[in-house]
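*Asks:* The structure that follows is given in the form of structure tokens.
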């Protein structure tokens, strides 16, 4: 019986991963949450993990009381999350949102645990650090994002990256496909949270609306597949059936298709290299009739090229872009800035960033003197003047 740890078990990816755990009868050794102890308590009682960890230490203390009648040990804070990541398990699924997912990923690597990665920021901000250490420890990083899982699956059997002409990430286009910048001046948080195809958490749904998610995925793909940014393209595919493609040097193209259901890539990452019956619906192509592909509108959705610039420059630039977006995304959700201010914030921080290498945790979690790194501590005033 396979065993797993789920970091971020109360979020969208985490709850769907537990759907897979139920279906496949996995042993769940640890569960973690930022603060949602009501749902976490229910999960603890169902799955009986060794450890339940809560990032918010005051909420951890509350959970400790709630589950005192169980054998589950409750831990709090970042140390507790990292302790959960280091339990001996077949896979550690990291679905923590934001830069907070980086340290637990590294903790899992140090323990020698293979990782099912749904936390973009781990590779966007810490790609060099994470991939280098994973290679040193012999740890596999398996993608959970539907696009990267599709690339990973389409590369099976490839003789090597020298045979790959380009990777093609598909994008749904989000809720504002076809709109101009003028159209987006006054969009509301509620409008931006209405994704046409996928059910996701609030942060990633806003990232999809700005198409920053596709820029972050470009950076992530560069690290996951050791591919330069100029060999990674993006196509808008509104139906979200073709999840991504690989074009080979002989002009053959291999793609992975399926209904838009995150349980498919989650299960593949957790059970790789085996395949099993899935809880997702069967894809019937005759029901779709038409599949469309278009170039993104890079003028309206400028975050994509900002991310391409960041990974091309390297060093601290991807971390700066990620940090600026993470802060601006939250400020928009909190009603403190406008939708278009998110991309402007990312551009502004990148303009003020000075190059430095990004090969140490000190870059992310120690006092930040360089002006470009102020993005990790943004406030509303930074973006609203």
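Since every read-out is calculated from the coordinates, none of them should be taken as a lab result. Source: prediction; values computed, not measured. Cβ atoms come from the backbone with ideal geometry, glycine included; neighbour counts cover every protein chain shown.
*Asks:* Using only Cα atoms, locate the centre of segment 284-327 and the centre of segment 77-142, then give the distance between them in Å, rounded to an integer.
*Replies:* 23 Å
*Asks:* So for segment 1-110, averaging the separation of alpha carbon pairs under 8 Å that are six or more residues apart and normalising by length, what relative contact order in percent results?
*Replies:* 30 percent.
*Asks:* Please compute the modelled spin-label separation between residue 191 and residue 305, points set 7 Å along Cα→Cβ, answer in nm with one decimal.
*Replies:* Reported label-point gap for residue 305 and residue 191 is 2.4 nm.
*Asks:* Working out 0.36 nm times the residue gap between residue 263 and residue 231, then minus their Cα-Cα distance, what length gain in nm do you get to one decimal?
*Replies:* 8.7 nm
*Asks:* Still on this structure: Before rounding to the nearest 500, sum -39500 (n - 2.57) across all DSSP H runs of length at least 4 in the chain and divide by the residue total; then give [θ] at 222 nm in deg cm²/dmol.
*Replies:* Numbers: 17 runs with 167 residues, N = 385.
For the chain, the value works out to -12500 deg cm²/dmol.
*Asks:* Quick one: among 95, 244, 252, which has the greatest mean-square fluctuation in a GNM of the chain with alpha-carbon springs under 10 angstrom?
*Replies:* 252
*Asks:* Which value in nm describes the separation of the simple spin-label points at residue 135 and residue 336, placed 7 Å from the Cα toward the beta carbon?
*Replies:* 3.9 nm
*Asks:* While we're on this one: Given R₀ = 45 Å, what would the calculated FRET efficiency be for residue 156 paired with residue 58, taking r from the Cβ atoms and rounding to 0.05?
*Replies:* With R0 = 45 Å, the Cβ-Cβ based efficiency is 0.45.
*Asks:* What distance in nm lies between label points placed 7 Å from Cα along the C-beta direction at residue 344 and residue 181?
*Replies:* About 1.0 nm separates the two model spin labels.
*Asks:* Would you mind checking the radius of gyration and Dmax of segment 37-133 based on alpha-carbon positions, in Å?
*Replies:* Reported Rg and Dmax, both Å: 13.8, 44.
*Asks:* Given a cut-off of under 8 Å on Cα pairs at least six residues apart, what relative contact order in percent is computed for segment 200-288?
*Replies:* Taking the mean separation of contacting Cα pairs over the length of segment 200-288, I get 15 percent.
*Asks:* Still on this structure, I have one more. What is the fewest-to-most order of 288, 223 by other Cβ atoms lying within 10 Å of their Cβ?
*Replies:* The most exposed by this proxy come first: 288, 223.
*Asks:* What Kirkwood hydrodynamic radius, in Å, does the chain give when the mean of 1/r is taken over all pairs of distinct Cα atoms and then inverted?
*Replies:* Answer for the chain: a Kirkwood hydrodynamic radius of 21.2 Å.
*Asks:* For the chain, modelled as a Gaussian network with Cα springs under 10 Å, which listed residue fluctuates most, 215, 157, 178?
*Replies:* 157
*Asks:* At a threshold of 8 angstrom on Cα-Cα distance, excluding pairs fewer than six apart, so keeping six or more, what relative contact order does the chain reach in percent?
*Replies:* Details: 737 pairs, mean separation 55.5, N = 385.
It rounds to 14 percent for the chain.
*Asks:* Under the 0.36 nm per residue contour assumption, what length would be gained going from the current alpha-carbon distance of residue 42 and residue 352 to full extension?
*Replies:* Contour length minus the Cα-Cα distance gives 107.0 nm.
*Asks:* Using 14 Å as the cut-off for backbone N distance, which residues of segment 88-102 belong to the label zone defined by a point 7 Å from the Cα of residue 27 along Cα→Cβ?
*Replies:* Within reach of a label on residue 27, which here means backbone N under 14 Å from a point 7 Å along Cα→Cβ, segment 88-102 contributes 88-91.
*Asks:* If you don't mind, there's one more thing I want to ask. Mean-square fluctuation check for the chain, GNM, Cα pairs under 10 Å: which of 217, 190, 121 is largest?
*Replies:* 190
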